[in-house]
Amino acid sequence: MKDVQNSQDNRNVDIQKVGIKHVELPLVVQRKNATDKVVYAKARVCVSLPKDYKGTHMSRFVEVLNEWRSKKLLGVDIRGCLEEVIKRLDAKSGELEFNFKYFVNKEAPVSQMSAPMCYDCAFEGRIDNGKYKFILGVKVPVTTLCPCSKEISQYGAHNQRAIISVRISYDESEHIWLEDLIELIESCASCPVHPLLKRQDEKYVTEKAWENPKFVEDVLRDVVVKLRNHPIINEFEVDCEAFESIHNHSAWAYQKETKN
């Protein structure tokens, strides 16, 4: 049968990224102090396409993902999977990203009752001319309490739920657990968010936030300092959005850094 994708194209346009996204599949996630977990994930996978080729072979992306899934290495060996994609598509660069929900059992601060807490997470691998980079991403919900509101009010202060989104990169010879990254991020807020709170827990978290007021700028700076001082992390990106309770807009701060 005629292979139209391999036919010549004369428009002189190299395509930087072409592939497939929103591919639903099971992903193996390694957990701290526990057995591996299979989670539901959505994948995005792409490669570069030289100007001479009309199109890429979309089915080959799915073939490689399915092969790695059957070997139970999808999510464990992202580099190997991506290298195979690039080889099959005869490309010079490629990207492979998985977005998934990750559950961590979390105890309430006083009653110590436990319930699963859900976090949006991402694994991403990039290869460009043979150089590999891994990126770990997580979105962590937290509580912030406004220092200005506390200062100027006779009683009370407005607080809100915020989302801290962090993406980090580090050498593939190293390892950072999702659980540890989540804990680091939560420690920078006025107070963590919990899935289950009894009355004594609610009293605790309310007072903890009151004693630890933070602007969105404070939260961002605290996260940045901890990531700067982390011995393994090479690059990081932090996005903090507070869904204001007394305004019809969000407060937002962002920082991206590469260590020397």
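The values are calculated or read from the model by the stated rules, or taken from the named source; none is laboratory data. Since we're looking at a predicted model, the values are computed, not measured. Neighbour counts run over all protein chains shown; Cβ positions are idealised from the backbone, glycine included. Ligands, DNA and RNA are excluded from the accessible area calculation, which covers all protein heavy atoms including side chains. Shrake-Rupley method; radii C 1.70, N 1.55, O 1.52, S 1.80 Å.
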### Query
Which of Ser187, His175, Ile246 sits farthest toward the positive end of the charge dipole of the chain, with +1 on the Cβ of Lys and Arg and -1 on the Cβ of Asp and Glu?
His175
## Note on the structure
Any aspartates and glutamates whose Cα falls less than 12 Å from that of Lys198, other than same-chain ones fewer than 8 residues away, would be Glu107
### Task
Express in nm, to one decimal, how much length is gained between Ser153 and Glu174 on full extension, taking 0.36 nm for each residue of separation and deducting their alpha carbon distance.
2.8 nm
## Note on the structure
In nm², the average projected area of the convex hull spanned by the Cα atoms of the stretch 198-244 is 4.8 nm²
#### Entry: Gyration tensor (alpha-carbon) shape descriptor, the stretch 1-153, a/c threshold 1.5
prolate
### Task
For the stretch 75-147, build the convex hull from the C-alpha positions and give me its volume per residue in Å³.
126 Å³
### Query
Taking Lys21 as the anchor, which lysines have their alpha carbon closer than 16 Å to its alpha carbon, excluding any fewer than eight residues away along the same chain?
Lys42
### Query
Taking the Cα centre of the chain as origin and charging only Cβ (+1 Lys, Arg; -1 Asp, Glu), how large is the dipole, in debye to the nearest 20?
560 debye
### Summary
Of all stretches in the chain that avoid GluC sites (Glu not before Pro) placed in a DSSP loop and having at most 15 other Cβ atoms within 10 Å, the longest is 1-171
### Query
Taking the convex hull of the alpha carbon atoms in the chain, what volume per residue do you get, in Å³?
166 Å³
### Message
If R₀ is 41 angstrom, what is the calculated FRET efficiency for the pair Asn234 and Lys54, using the beta carbon separation as r and rounding to 0.05?
### Response
0.60
### Task
Per residue, how big is the convex hull around the C-alpha atoms of the stretch 127-260? Give it to me in cubic angstrom, could you?
127 Å³
### Rounded percent of accessible protein surface that carbon and sulfur make up, the chain, 1.4 Å probe
48 percent
### Query
Which entries in the list Lys71/Lys92; Lys17/Lys37; Lys37/Lys208; Lys51/Lys72; Lys32/Lys214 go over 27 Å, if you measure between the two C-alpha atoms of each?
Lys17/Lys37; Lys37/Lys208; Lys51/Lys72; Lys32/Lys214
### Task
Please compute the net charge surrounding Ile164, taking Lys and Arg as +1 and Asp and Glu as -1 over other residues with Cβ under 13 Å from its Cβ.
-3
### Task
With a point put 7 Å past each Cα toward its Cβ, work out how far Asn33 is from Asn105 in nm, to one decimal.
1.1 nm
## Note on the structure
Check: C-alpha center the stretch 17-60 vs C-alpha center the stretch 80-103, spacing in Å is 5 Å
### Task
Please express the shape of the stretch 64-198 as an equivalent ellipsoid: the semi-axes are the square roots of 5 times the eigenvalues of the C-alpha gyration tensor, given largest first in whole angstrom.
39, 18, 11
#### Entry: Heavy-atom accessible area per residue - the chain, 1.4 Å, Å²
58 Å²
### Task
May I ask you to compute the full-extension gain from Arg11 to Asp90, defined as 0.36 nm times their residue separation minus their alpha-carbon distance, rounded to one decimal in nm?
26.4 nm
### Query
What is the mean projected area of the alpha carbon convex hull for the stretch 71-116, to one decimal in square nanometres?
4.9 nm²
#### Entry: Equivalent ellipsoid, the stretch 15-90 (semi-axes from 5 times Cα gyration tensor eigenvalues, Å)
27, 11, 10
### Task
Provide Rg over Rh for the stretch 106-155; use the alpha carbon set for both Rg and the Kirkwood Rh (inverse mean inverse pair distance).
1.28
